[in-house]
Amino acid sequence: MNPVPRMAMPEPSDRELIDRILTGDRPALDLLMLRHHAVAYRVACRLLRCEADALDAVQDGFVNVLSHLGRFRGQSSFRTWLLRIVSNAALDIGRSKQRRDSRFSTEAEEFHETFDPRSAPLDRGLERADLRDKLDDALAALPAVQRQTFVLHVDGDLSYREVAEVLGISIGTVMSRLFYARQRLREALLHHVQL
């Protein structure tokens with residue numbers, strides 16, 4: 001006796017989940033958030049370089065999305081719309097943190113005057129982590145519009161067209177920002193990568 005194979009139910013689309021959420025379906029909300037949380041976190045984390053701030057940005061983004069979910073018209077994908085909101089929340093948090101941090105910069109300057117990192121021993125096992133830090137530093141040094149464009153394309157895994165939709169710019173502008181971002185990153189990392 002052969003068991004009858006069960007047909008797998010197809011995953012509901014984002015649009016179907018949104019329609020269900022708007023009628024009060026809590027499990028649909030959980031599924032939609034679960035589906036997109038990882039990419040939203042990856043984008044926020046790359047923009048902010050701080051796990052706690054990235055989690056705040058994702059939370060702010062999802063709260064904003066939920067409060068405006070009835071306005072989503074589907075002109076772009078839900079993921080594209082969400083990443084626009086999350087990346088804007090991340091940039092807002094970053095600007096706010098920058099203002100806060102500038103007040104405490106004198107203490108940091110005093111510390112750097114007494115500590116010379118060149119005197120610390122170099123551990124070969126940390127070279128890879130050091131390179132990752134250099135990449136993060138180089139990325140943080142990019143102008144905000146280039147950094148946001150780069151992160152949405154690379155970490156958000158969005159196409160040029162989707163990045164253009166998220167940022168409300170032309171595909172040519174996306175290509176230009178990515179070109180200059182890559183060029184600056186290459187220059188910043190040239191001294192740290194042995195070819």
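Here, each number is a calculation from the coordinates, and none is a lab measurement. Remember, it's a predicted structure, so these values are computed and weren't measured experimentally. Don't worry about glycine lacking a Cβ; one is built from the backbone with ideal geometry, like all the others, and counts go over all protein chains shown.
Before moving on, here are some points about what is shown:
- Förster-model FRET efficiency, 30 Å R0, VAL154 and ARG26, C-beta, rounded to 0.05: 0.35
- Calculated P(r) tail over 13 Å for the range 130-195, as whole % of Cα pairs: 61
- Dimensionless Rg over Rh [the range 25-73; C-alpha; Kirkwood]: 1.01
- Rg(Cα) / (2.2 N^0.38 Å) computed for the range 12-102, rounded to two decimals: 1.13
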